[in-house]
Amino acid sequence: MRALSLPVIFGLGELAPAKRNALALVYLSSVMIIMGVNFIQPALPAMMEPLGISESALGLVMTVYTAPAIFLSPLFGIVADLYGRRLLLAWGLVLFGISGAAITLAPSFLWVLILRAIQGIGFSAVIPLTIVLIGDLLEGDSEVGGQGLKVFLDRVGYLILPPLGGLLATFAWFWPFVFYGLAVPLGLCTLVWMPETKGNVESGTWSYLGNTLRLARHPRLVIAFSAGFLRFFLDYGFLTYFPLFLVRTHGISTATAGFLYAFFSAGAMLTSSQAGRLAVGHDKARLLFVAFLISGIALVAVPLVPGVWLVGAALFFYGLANGVISPMQKSLLTQNAPTELRGGIVSVDRLIQQVSKTLSTSVVGLLLVAVELPTIFWLLGILSLVSVALMAALLPKGQTGLKPSPLRPS
């Protein structure tokens, strides 16, 4: 009887010690990187009085951190494919940790923004690699389970890190930033224990770029890109304005509204923990379609159901779908891209997702001028349902994709 462990629970099977250590570094890197946002969000108000800034200026702390990824993620993807993953991951973590911890010594808000922008460069280098390396280290349904474990651990982080960051900020605004220094020893550990997994790129840079762009037009990868865009468009459009809807429609406090997010996290953690088993014998693209159908139905149901707890139930089903969409979409990318082009393909996806996040909140904000929030949720639900039909039309007839092999640019 196999010993119960996280790899076994998530369907990864028994792993060699070297591979297990490498994956542990990947998952620790993933959780460290998401600390760049949710760990300090509750701490932002504590910065206002000591640094003499207004409420409107707080958003800049996030903007300067995420903006570099729009331009640098594709570049770092190319670097990872052409020159290697290990050094990029290690020095990205070191840069992230040093610049983040240095904010504790920032003499002014301007220096906070400068150091956050530098930290964002480290974030841009590491974030696509956490997906790419799982695809390099695992294969088949085990790789889906590996992506599911990443999603699960990230969701655990979303539950634990914000309260911890808020608690630290009650002592002083800079205390949450101290903990970013933990990324430095993590980066040094990757230099020792992370194997180099990049493929052999036999052609030059321009040929590599041409191959990546040609491969990106393949129907299965277009489905993966579309799913990534749609997921974040729905998440940012819905979850950003969900508390406002609850406060206005159901008359509850913001604290209760925040508690309901636990329903979403619980649903996502449940399905992401079983992603590897769900993928056995099923086409990942078709699993995506089913999950987006459930997302659309949940979005339409939120304004219709009476009572806060039924709204929580709808949010739970939205989380169940999200826990399927995230690992399946990542696996659809990595399993359909050869190792030597995987970094570039994943970076294209990260760029598309950044555009989606920006568009979603902007579009929903503009729609609020003309329509009520329930109508917007209905429109997002309809968008999810219609998009499933459009993505399904891209899937070649009779293609099962049960045992995908990496695609090659034609």
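The values are calculated or read from the model by the stated rules, or taken from the named source; none is laboratory data. Predicted model, so just to flag it, every value in this text is computed and none were measured. Note that we place each Cβ from the backbone using ideal geometry, even for glycine, and neighbour counts take in every protein chain shown.
Couple of notes before you dig in:
- Filtered by the rule that a residue be surrounded by fewer than 24 Cβ atoms within 10 Å (Cβ to Cβ) and of a type in the set (A, V, I, L, M), the stretch 316-332 gives a lone residue, Leu320.
- Entirely in the stretch 306-394, the helices (runs of 4 or more DSSP H) that have 2 or more residues that are under 15 Å from the mean Cα position of the chain (by Cα) and among the small types (Gly, Ala, Ser): 308-334, 342-367
- Of the residues examined, Leu82 is not one that is over 14 Å from Val112 (Cα atoms), at pLDDT 85 or above and touching a Leu at 6+ places or on another chain (Cβ under 7 Å).
Conditions tested, residue by residue: (1) of a type in the set (A, V, I, L, M, F, W, C); (2) in contact (Cβ under 8 Å) with a residue 60 or more places away in the chain; (3) assigned by TED's automatic domain parsing to the domain that holds Asp235.
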{"position": "Val280", "(1), (2), (3)": "yes, yes, yes"}
{"position": "Lys284", "(1), (2), (3)": "no, yes, yes"}
{"position": "Ala291", "(1), (2), (3)": "yes, no, yes"}
{"position": "Ile297", "(1), (2), (3)": "yes, yes, yes"}
{"position": "Val302", "(1), (2), (3)": "yes, yes, yes"}
{"position": "Val308", "(1), (2), (3)": "yes, yes, yes"}
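- Which listed residue is at pLDDT below 80 and among the small types (Gly, Ala, Ser), from Ala183, Ala257, Ala224: Ala257
- Residues that are touching a Lys or Arg at 6+ places or on another chain (Cβ under 7 Å), in contact (Cβ under 8 Å) with a residue 40 or more places away in the chain and in the same structural domain as Gly84 (by TED's automatic domain parsing) do occur in the stretch 172-190, at least one of them.
- Within the stretch 124-137, residues that are outside the structural domain of Leu332 (by TED's automatic domain parsing) and farther than 12 Å from Ala22 by Cβ sit with their Cβ atoms under 6 Å from residues that are at pLDDT below 90 and β-branched (Val, Ile, Thr), at 6+ positions apart or across chains, in these pairs: Pro128/Val346; Ile131/Val346; Val132/Val346; Gly135/Thr334.
- Residue satisfying condition, being surrounded by 17 or more Cβ atoms within 10 Å (Cβ to Cβ), among the small types (Gly, Ala, Ser) and touching a Lys or Arg at 6+ places or on another chain (Cβ under 9 Å), within set Gly166, Gly145: Gly145
- Qualifying residue in the stretch 94-110 (condition: of a type in the set (Val, Ile, Thr), touching a residue at least 24 places away in the same chain (Cβ under 8 Å), assigned by TED's automatic domain parsing to the domain that holds Leu182 and within 23 Å of Asn211 (Cβ to Cβ)): no
- Checked across the stretch 212-220, the condition of being within 21 Å of Ser326 (Cβ to Cβ), in contact (Cβ under 8 Å) with a residue 24 or more places away in the chain and of a type in the set (Val, Ile, Thr) holds for no residue.
- Verdict on Ile70 being at pLDDT 85 or above, of a type outside the set (Ser, Thr, Tyr) and either over 23 Å from Ile160 (Cα atoms) or not in a helix (DSSP H, G or I) (or both): no
- Some residue of the stretch 58-67 being in a helix (DSSP H, G or I), in contact (Cβ under 8 Å) with a residue 60 or more places away in the chain and aromatic (Phe, Trp, Tyr): no
- Which numbered condition Asn322 misses (of (1) within 30 Å of Leu82 (Cβ to Cβ); (2) touching a Lys or Arg at 6+ places or on another chain (Cβ under 9 Å)): (1)
- Residue match in the stretch 189-197 (condition: among the acidic types (Asp, Glu) and touching a helix residue (DSSP H, G or I) at 6+ places or on another chain (Cβ under 6 Å)): yes
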